[in-house]
1. Restricting things to alpha carbons, tell me how big the stretch 88-237 is in terms of Rg and Dmax, in Å.
2. Starting with the fewest neighbours, write out 161, 338 ranked by other beta-carbon atoms found within 10 Å of each beta-carbon.
3. Using amide H atoms built 1.01 Å from N in the peptide plane, name the residues 5+ places from residue 340, or on other chains, whose amide H lies under 5 Å from its own.
4. Please report the antiparallel percentage of the DSSP beta bridges confined to the chain, to the nearest 5.
5. For the chain, what number results from the quotient of the Cα radius of gyration and 2.2 N^0.38 Å?
6. What ³J(HN,Hα) values, in whole Hz, does the Karplus curve 6.51 cos²θ - 1.76 cosθ + 1.60 give for the stretch 170-185 when θ = phi - 60°, with x put for Gly and Pro?
7. Could you pull out the GluC sites (Glu not before Pro) across the stretch 11-63 that fall in loop regions by DSSP (anything but H, G, I, E, B) with no more than 12 other Cβ atoms inside 10 Å?
8. Could you state the angle between the C-alpha long axis of helix 249-259 and the longest principal axis of the C-alpha atoms of the chain, as a value from 0 to 90 degrees rounded to the nearest 10?
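Only the coordinates and a few stated rules stand behind these numbers; no lab work does. Keep in mind that what you see is a predicted model, and the values were worked out from it rather than measured. Using ideal geometry, Cβ is built from the backbone for each residue, glycine included, and neighbour counts are taken over all protein chains shown.
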Amino acid sequence: MDGIAPIDLARPEILALEPYASARAGGLPAAGSVVLNANELPWGPSPGSELNRYPAPQPAAIRRHLARFYGVGENALLLTRGSDEGIDLLIRVFCTAYRDRIAVCPPCFGMYEVAARVQGAGVERIPLVQSSDRPAAGIDQAALAASGARLVFLCSPNNPTGALVGRDEILALAGALAGRALVVVDEAYIEFASAPSLAADLASVPNLVILRTMSKAWGLAGARLGALIARPEVVALAAKIIAPYPISHPAADAVLAALAPAGMQKMRRRVALIRRERERLYRALGALPVIDAVYPSSANFLLVRSRDPSLAAMARRAGILLREQSTQPGLTGCVRITVGAPRENDRLLAFLENGR
Ligand SMILES: *Cc1c(COP(=O)(O)O)cnc(C)c1O
């Protein structure tokens, strides 16, 4: 199967598609141009504002900064409205409705399955493998390799367990699926982990796709900016079907500010603080009678197993919002707790100790 490239797995109608050519597709107007090609109003809402103009489809400065930060070439990168959009684009490029399917490894993020259902793609659920000290850790290589899926979604660190999927496991799976499927590694939380991104492995693994986001470590969930990282041919296919102007001016401005040196420093400081707080919470939670188990995490949250099934509901009445996980396979009694600011974590611990 070595002769089959990842793009050969794409839907034929996407391969054949002539994408929409927007007024800005050929680049931004040169300074001083009389811009009469996009049916825009000539005036913005206030002096100096450019909101009357359609934005650059893929803002060049953001691409340059993020390509460097992720350690990949700019042609390996597509900027998306959060990584949620990256998930959706991949499924729409590679899954023909009512024929193709994806594989997911529950317990995991729910958007993969939702995006697949919307596209009419099937979903194979191949649960993470239980181990003695963790509810779910390893992937079931053999079952994934035999699943017949076009896209395998892995999440590392995994939401909601916080565990990394081993690089060796992922690369072995990608090798086993060469010519048959793409392996998508969702690295939404990788900045909080000690392990590096798998982006460097793209050079040797053509069927690997990485999803990154500015929603978590960068504190920009409200700006909606993610990145799909893959071989240039795969990126080009996703770029064919993305909406013409996905990145709004305000989103681009916020992201560019975050990527300036001061913003980078702030991000690294904050990630370091969250990691320290994660370790503090991990120890404190583990000592509480109401907590049966707290699982080691490489992300900005902790998964705990509570002795009291109403923990999340009780916390809610005390004004503390936690995420119930009981409906996920193997996670009965589990709750996901985001690591907050030090004072928020103090409040959580006070509630768990004293019930208020
Ligand atoms: C939060 C999260 C994302 C981020 O989604 P955005 O659309 O980028 O905000 C992606 N994957 C997982 C597993 C997440 O938990």
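1. According to the Cα coordinates of the stretch 88-237, Rg and Dmax are 14.5, 43 Å.
2. 338, 161
3. For residue 340, the qualifying residues are 345.
4. DSSP beta bridges in the chain are roughly 55 percent antiparallel.
5. With N residues counted in the chain, Rg over 2.2 N^0.38 Å equals 1.06.
6. 5, 5, 5, 5, 4, x, 5, 9, 3, x, 10, 7, 9, 9, 9, 10
7. Passing both the DSSP loop test and the Cβ count: 50.
8. That helix lies at roughly 60 degrees to the long axis.
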